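Student: Let me give you the structure first, and then I'll get to my questions.
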Amino acid sequence: RGHEYGLRLAQVFRDGIKFHQRFHEGWCTREEYRQQGEGLTLRLEKLLNRAPLKTKANERLRLGILEQHLRGRILLFLSDPEIPPTNNAAERSLRTVVMARKVSQCSKNARGAITYMRIKSTVETARLRGQDPVDVLMSLRC
């Protein structure tokens with residue numbers, strides 16, 4: 001029975017992601033998306049605003065998600081379909097950074113790690129803004 005709570009929570013999130021994808025495929029209007037999003041948010045709130053759970057792990061999960069929900073950080077993509085439902089893009093962009101750091105061993109000390117982080121962050125931000133990373137780095141010279 002304790003396992004069921006996590007499955008029900010996960011289903012709400014899966015339904016939200018699926019609906020987000022369907023919106024972008026043209027299956028519904030923005031108003032329908034908003035209404036469906038409200039319904040999914042109510043489903044989540046029903047799972048979160050309940051009596052404390054018996055198992056410690058489930059109660060910790062419930063309270064953690066509830067705290068984030070109260071801060072407006074959960075299912076935010078259901079209020080604005082332009083917000084991606086996952087952080088997959090951010091995770092993918094970090095993958096190259098992690099691999100490069102491991103291969104070059106530049107994080108053997110704090111100074112090397114910080115230097116690499118700053119350079120990589122500047123280069124990636126420039127790329128996202130459509131700027132030439134070399135020009136941006138050269139403009140930062142002291």
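The values are calculated or read from the model by the stated rules, or taken from the named source; none is laboratory data. Since the model is a prediction, treat every value here as computed from it, not as a measurement. We place every Cβ from the backbone using ideal geometry, glycine too, and count neighbours over all the protein chains shown. For accessibility, only protein heavy atoms count, side chains too; no ligands or nucleic acids. Shrake-Rupley method; radii C 1.70, N 1.55, O 1.52, S 1.80 Å.
Student: Could you go through region 4-13 in sequence order and give the Karplus-derived ³J(HN,Hα) for each residue, using 6.51 cos²θ - 1.76 cosθ + 1.60 with θ = phi - 60°, rounded to whole Hz, and x for Gly and Pro?
Tutor: 4, 4, x, 5, 5, 4, 4, 5, 4, 5
Student: In debye, nearest 20, what is the charge dipole magnitude of region 18-114 about its Cα centre with +1 on Lys and Arg Cβ and -1 on Asp and Glu Cβ, if you could check?
Tutor: My answer is approximately 720 debye.
Student: Report, to two decimal places, the Cα Rg of the chain normalised by 2.2 N^0.38 Å (N = number of residues).
Tutor: With N residues counted in the chain, Rg over 2.2 N^0.38 Å equals 1.44.
Student: Which whole number of Å³ per residue matches the convex hull of the alpha-carbon atoms in region 1-78?
Tutor: 80
Student: Which order do the peptides 36-44, 113-121, 126-134 come out in when sorted by mean C-beta neighbours inside 10 angstrom, highest first?
Tutor: For the peptides 36-44, 113-121, 126-134, the packing ranking is 36-44, 113-121, 126-134.
Student: Mind putting a number on the dipole of region 88-140 about its Cα centre? Charges go on the C-beta only, +1 for Lys and Arg and -1 for Asp and Glu, and I need it in Debye to the nearest 20.
Tutor: About 280 debye.
Student: So with the 1.4 Å probe, I'd like the accessible area per residue for region 1-101, rounded to whole Å².
Tutor: I get 70 Å² per residue for this part.
Student: Related question: Computing the accessible area with a 1.4 Å probe over protein heavy atoms, can you report the carbon and sulfur percentage for the chain?
Tutor: 55
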